[in-house]
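Asker: After the structure tokens below, expect a handful of questions from me.
The values are calculated or read from the model by the stated rules, or taken from the named source; none is laboratory data. Being a predicted model, the structure only gives us computed values, none of them experimental. Cβ: placed from backbone, ideal geometry, glycine included. Neighbour counts: every protein chain shown. The accessibility values were calculated without ligands, DNA or RNA, using every heavy atom of the protein model including side chains. Shrake-Rupley method; radii C 1.70, N 1.55, O 1.52, S 1.80 Å.
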Amino acid sequence: MNKHTRKLAFLTGASSGIGQALAPQLAARGYDLVLAARRVDSLEQVKRDIAARFAQCGVEVLALDVTRYADVQSAIAETARSHGGLDLVIANAGVGSTGPVGSGRFAEDLAVIETNVIGAMATIDAAVSLFRAQNRGQIAVISSVAAFRGLPGAASYSASKAAIAVYADAARVELHGTPVRVTTLFPGYIDTPINQDMKSRPFLIGVEDGARIIADLIERGVQTSTVPVYPWNLVGRLVRVLPTGILARAAKGSMPSGASEKG
Ligand SMILES: NC(=O)c1ccc[n+]([C@@H]2O[C@H](COP(=O)([O-])OP(=O)(O)OC[C@H]3O[C@@H](n4cnc5c(N)ncnc54)[C@H](OP(=O)(O)O)[C@@H]3O)[C@@H](O)[C@H]2O)c1
């Protein structure tokens, strides 16, 4: 990788969906990439696609399970050590949940929290530690509009996305006045495998559009934003104050039994 002219980004969840589409968006914006996920074959494919389109972009793939928290921390530190620094860390890896509270899916809920909350915390914690030492850097956290309200059928997912957004918010306040930026994004429904079984996906956008908007927002260094900005900036506010009965009726119409509502 040419560390003198290009920046370096560390992206979790790069083997599929948003992460897979975000990688070439970052390459086009002058980043070399470290692509992390559990499925290395898929990461290698993403790497080949980028090599074919962006000859100047350096790409490394890294087998990483974000629920192996110590591995996450050492991977970020080691990447920075071997490349002379790191510019951007994106906590994107995540999983969905698939059923109502009390329906015998507690083990799945636990995996949601371990991945989306603790795995992302391990990523953010390592990035903040590094960026404080470097006195520069940007952290981007992929939350969800599901963070705005506990969505029926996706309790653990909503809770996980709210938790990581609040965690990132605290980090942003702690880093105020330093050159380190924290960007928290709240995507609505983007067409990826995480939601492709769902019956209702309001305001759905394609993954290429979603990744381009996310890359633009990261590049602008915004503190927080929905994705796309409109209509979710308005819908997000509305969802927060909707009476329980209206939310329950809306959910009944849109949820197949046992399926989730996650965005
Ligand atoms: N699509 C949407 O509508 C939407 C909306 C709001 C927020 N989001 C969030 O966007 C992020 C990306 O989701 P997506 O829509 O792109 O879904 P996706 O296509 O299912 O991708 C999820 C990614 O997370 C990785 N991942 C899951 N568990 C992991 C673990 N334990 N360790 C490392 N990587 C792990 C997966 O890689 P491996 O399986 O190879 O490890 C995969 O690359 C998630 O945080 C999701 O909650 C999505």
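Asker: Determine the relative contact order of the range 7-251: mean sequence separation of Cα pairs under 8 Å and six or more apart, normalised by residue count, in whole percent.
Answerer: 19 percent
Asker: Another question about this same structure. Show me 180-190, 72-82 ranked by packing, highest mean number of other Cβ atoms within 10 Å first.
Answerer: Going from most to least packed, we get 180-190, 72-82.
Asker: What residue among Val34, Ser82, Leu22 has its Cα farthest toward the positive end of the dipole of the chain, where the charges are +1 on Lys, Arg and -1 on Asp, Glu, each on the Cβ?
Answerer: About the Cα centre, the residue reaching furthest to the positive side is Leu22.
Asker: Follow-up. Between Leu8 and residues 5 or more places away or on another chain, which pairs have amide H atoms under 5 Å apart, with H built 1.01 Å from N, and which residues are they?
Answerer: Under 5 Å from the amide H of Leu8: Asp32, Asp87, Leu88.
Asker: Run through all the Cα pairs of the range 198-256 and give the fraction in each 10 Å bin from 0, expressed as whole percent.
Answerer: Per 10 Å bin, starting at zero, the Cα-Cα P(r) for the range 198-256 comes out as 19, 40, 29, 12 percent.
Asker: Which residue, Ser129, Gln73, Leu151, has the largest displacement toward the positive end of the dipole of the chain when charges sit on each Cβ (Lys, Arg +1; Asp, Glu -1)?
Answerer: Towards the positive end, the residue furthest out is Leu151.
Asker: Would you mind working out the accessible area per residue for the chain, using a 1.4 Å probe, and quoting it in Å²?
Answerer: Accessible area per residue, the chain: 45 Å².
Asker: Another question about this same structure. Under 8 Å for C-alpha pairs, at least 6 residues apart: give me the relative contact order for the range 1-48, rounded to a whole percent.
Answerer: For the range 1-48, the relative contact order is 42 percent.
Asker: Tell me, what ³J(HN,Hα) does each residue in the range 59-65 have, in order and in whole Hz, if you take phi through Karplus 6.51 cos²θ - 1.76 cosθ + 1.60 with θ = phi - 60° and put x for Gly and Pro?
Answerer: 10, 10, 10, 9, 6, 8, 9
Asker: Return the long-range amide H neighbours of Leu64 (sequence gap of 5 or more, or a different chain), with a cut-off of under 5 Å between placed amide H atoms.
Answerer: For Leu64, whose amide H was placed from the backbone, the distant partners under 5 Å are Ala37, Arg38.
Asker: Any idea how far apart Asp197 and Arg48 come out in nm if each label point goes 7 Å out from Cα toward Cβ?
Answerer: For the pair Asp197/Arg48, the computed spacing is 2.9 nm.
Asker: Taking the inverse of the average 1/r across all pairs of different Cα atoms in the range 151-263, what Kirkwood radius in Å do you get?
Answerer: This gives a value of 15.5 Å.
Asker: What is the magnitude of the charge dipole of the range 1-128 about its Cα centre, with +1 placed on the Cβ of each Lys and Arg, -1 on the Cβ of each Asp and Glu, and no other charges, expressed in debye to the nearest 20?
Answerer: Roughly 440 debye, rounded to the nearest 20.
Asker: Okay, moving on. Using 0.36 nm per residue of separation minus the Cα-Cα distance, give me the extension gain between Glu174 and Ser74 in nm, one decimal.
Answerer: 33.7 nm
Asker: When the chain is treated as a GNM, springs tying every alpha-carbon pair under 10 Å, which of Ile164, Ile246, Ile218 comes out with the largest mean-square fluctuation?
Answerer: In the Gaussian network model the winner is Ile246.
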